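Inspection log for the structure reproduced underneath, given as structure tokens.
The values are calculated or read from the model by the stated rules, or taken from the named source; none is laboratory data. All figures in this text were calculated on a predicted structure; none of them were measured in a lab. Here the Cβ is made from the backbone with ideal geometry for all residues, glycine too, and neighbour counts use every protein chain on show. SASA here: full protein model, heavy atoms, side chains in, ligands and nucleic acids out. Shrake-Rupley method; radii C 1.70, N 1.55, O 1.52, S 1.80 Å.
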Amino acid sequence: LVWNPEFLREGFAVQDTVAPDRFVYGVPAGEVGARAVAVLDEVYAQALAAGTPRLVVDLPTSELVKISANAFLATKISFINAMAEIAEVAGADVTALADAIGHDDRIGRKFLNAGLGFGGGCLPKDIRAFQARADELGVGRSLGGPRRRAR
């Protein structure tokens, strides 16, 4: 068993399949995992040869990679929408604000466009999955969910 999450952006699925920004392999430890890595490396040989980064992690980490990435993107969208409300009352330009904070390499400009919110197939689903997994692990409070004790 391996976990190989995909990172396909809406409207760019073919491009992201042919030239992804990274590969994440979630594999078990030992020889079984080493064989799985070899098979995946063969499948992705062309993209790996072109320099696509590859991260080999354990199964629990790989399970969280995609849903946490999408939750973070949703956070950026929610943040800029909150800033748009404040900017409107303050008389500020939220687009100029997003441009200014987006120049900070730690923040970046992507996903800082104010609008109606976010939708699509992955962001809402992955936020729910992230919360559900945190609840299962007994740390739902970390994401603002129910307070439960770890098992």
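Per-structure values
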{"item": "Model label zone, Lys110; criterion: amide N under 12 Å from point 7 Å along Cα-to-beta-carbon; scope segment 16-55", "result": "16, 20-22"}
{"item": "Kirkwood-type radius of segment 1-128, with distances r between different C-alpha atoms, in Å", "result": "16.8"}
{"item": "Cut-off under 5 Å, modelled amide H: who pairs with Tyr25 long-range", "result": "Leu55, Val56, Val57"}
{"item": "Val139 accessible area, assembled protein chains, probe 1.4 Å, Å²", "result": "50"}
{"item": "Percent accessible area from carbon and sulfur atoms, the chain, protein chains only, probe 1.4 Å", "result": "60"}
{"item": "Per residue accessible area of segment 29-107, 1.4 Å probe, in Å²", "result": "64"}
{"item": "Using θ = phi - 60° and Karplus 6.51 cos²θ - 1.76 cosθ + 1.60, couplings along segment 127-139 (whole Hz; Gly, Pro as x)", "result": "5, 5, 5, 4, 5, 4, 5, 4, 4, 4, 7, x, 10"}
{"item": "Accessible area in the full protein assembly, largest first, 1.4 Å probe, for Lys125, Lys110", "result": "Lys110, Lys125"}
{"item": "Solvent-accessible area of Arg35 with every protein chain in place, 1.4 Å probe, in Å² to the nearest 10", "result": "130"}
{"item": "Probe 1.4 Å, all protein chains present, accessible-area order of Thr17, Thr52, Thr61, largest first", "result": "Thr17, Thr61, Thr52"}
{"item": "Sequence of Tyr25, Tyr44 when ordered by accessible area, the most exposed leading, probe 1.4 angstrom", "result": "Tyr44, Tyr25"}
